[in-house]
1. Kindly indicate the residue of the stretch 259-273 that is in contact (Cβ under 8 Å) with a residue 12 or more places away in the chain and more than 23 Å from residue 160 (Cα to Cα) and also surrounded by the fewest Cβ atoms within 10 Å (Cβ to Cβ) among those meeting that condition.
2. Of the numbered conditions (1) closer than 18 Å to residue 49 by Cβ; (2) buried (at least 16 other Cβ atoms within 10 Å of the Cβ); (3) within 16 Å of ligand 2 (Cβ to nearest atom), residue 168 satisfies every one except a single condition; which is it?
3. Consider only pairs whose beta carbons are under 7 Å apart and that are at least six residues apart or on different chains; among these, list those whose first residue lies in the stretch 246-257 and is exposed (fewer than 11 other Cβ atoms within 10 Å of the Cβ) and whose second residue is at pLDDT 95 or above.
4. Select, from 77, 24, the only residue that is part of a helix (DSSP H, G or I), under 18 Å from the mean Cα position of the chain (by Cα) and at pLDDT 95 or above.
5. Any idea which of 118, 96 is within 17 Å of the chain's Cα centre (by Cα) and crowded, with 21+ Cβ neighbours inside 10 Å?
6. Do you know which residues across the stretch 60-74 are within 16 Å of ligand 1 (Cβ to nearest atom) and either surrounded by fewer than 24 Cβ atoms within 10 Å (Cβ to Cβ) or at pLDDT below 95 (or both)?
7. Residue 86 - would you say it is assigned to a helix (DSSP H, G or I), more than 16 Å from ligand 2 (Cβ to nearest atom), in contact with a helix residue (DSSP H, G or I) (Cβ under 8 Å, 6 or more places away or on another chain) and closer than 29 Å to residue 283 by Cβ?
8. Here is a list: 126, 156. Which entry is in contact (Cβ under 8 Å) with a residue 60 or more places away in the chain, under 19 Å from residue 89 (Cβ atoms) and either crowded, with 19+ Cβ neighbours inside 10 Å or more than 15 Å from ligand 1 (Cβ to nearest atom) (or both)?
Ligand code: ADE
Ligand code: ZN
């Protein structure tokens, strides 16, 4: 049995495996510019965030119907559950779909159907987080929030993703204020490729409760002190950092130093179909590459539940934390 954990940084569109992409392309009469799944996999060599995003947005063109979104999410939940995920907070990018003529209601209905069944089908509790594309305008983000109003009963929070540099959090102050007024939780990608000042802006101007990535906080020791003092969780994605070349090799990932510094770190998969593994694979990879011992892995698993938006179900959080505490790594390491 794998170590129980929560996944807090996962783009559902980033779970689109080549096989499902081709199946959906066939189903919807979409032509993909790749001969087959192997040719597509060969395209997974990225220079940076933008080169990944170009392929990510192109491939999601196969997603059209509510059933497509359902099948995508159900496939992720099955894989995640097999790797010990007991709670998943799932990002989606409505603007990437509405721009192609797919209504936000279609997206939320399909994802919602898979998420509603997830606890019974896979033993995974879920939350949905709607992300604004930061390389689109602030007006577009506001219009997206407005269009989501009929579905807010199934959306827990808002996030901010896509191309970071040149699109600081300050651009989205108004929409985050409006989201807060609607009772939505707030997170944002910051310090993935962008400077530490974007992390400070996300905290001070957007009022976020967690920072997605946050890797570049290490360049500002006063910011590290603040993140430690205020117990701001970071949703780190080590395999993503290597594939998008924020870090040269996994062995050089600063995760151990960040934990030593007292930062509230979690480990997540970001876009697992593209970056070489789901969250259990990621735990395994950091264990091997960074020599993390069992107590460090247990701490990461504990942090994932502590940092989750399970505040509306403290009983479940307590139960899952107790499972982590009682977890026996045994003779044969699972992670
Ligand atoms: N969208 C999907 N994955 C992303 C990432 N790693 N950074 C920013 N936006 C994203
Ligand atoms: Zn991300």
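The values are calculated or read from the model by the stated rules, or taken from the named source; none is laboratory data. Keep in mind it's a predicted model, so treat the numbers as computed, not measured. For neighbour counting, all protein chains shown are included, and Cβ atoms are generated from backbone atoms with ideal geometry for every residue, glycine included.
1. To start, the set of residues in the stretch 259-273 that are in contact (Cβ under 8 Å) with a residue 12 or more places away in the chain comprises 259, 261-273.
Still in the running and more than 23 Å from residue 160 (Cα to Cα): 259, 261-262.
On the way: 259: 18, 261: 16, 262: 13.
Going through the qualifying residues, I end up with 262.
2. (3)
3. Correct list of pairs: 249/242.
4. On the way: 24 fails: under 18 Å from the mean Cα position of the chain (by Cα).
Exactly one of 77, 24 is part of a helix (DSSP H, G or I), under 18 Å from the mean Cα position of the chain (by Cα) and at pLDDT 95 or above, namely 77.
5. Details: 118 fails: within 17 Å of the chain's Cα centre (by Cα).
From the options 118, 96, the qualifying one is 96.
6. 60, 61
7. On the way: assigned to a helix (DSSP H, G or I): no; more than 16 Å from ligand 2 (Cβ to nearest atom): yes; in contact with a helix residue (DSSP H, G or I) (Cβ under 8 Å, 6 or more places away or on another chain): yes; closer than 29 Å to residue 283 by Cβ: yes.
So residue 86 fails the test.
8. Values: 126 fails: in contact (Cβ under 8 Å) with a residue 60 or more places away in the chain.
Exactly one of 126, 156 is in contact (Cβ under 8 Å) with a residue 60 or more places away in the chain, under 19 Å from residue 89 (Cβ atoms) and either crowded, with 19+ Cβ neighbours inside 10 Å or more than 15 Å from ligand 1 (Cβ to nearest atom) (or both), namely 156.
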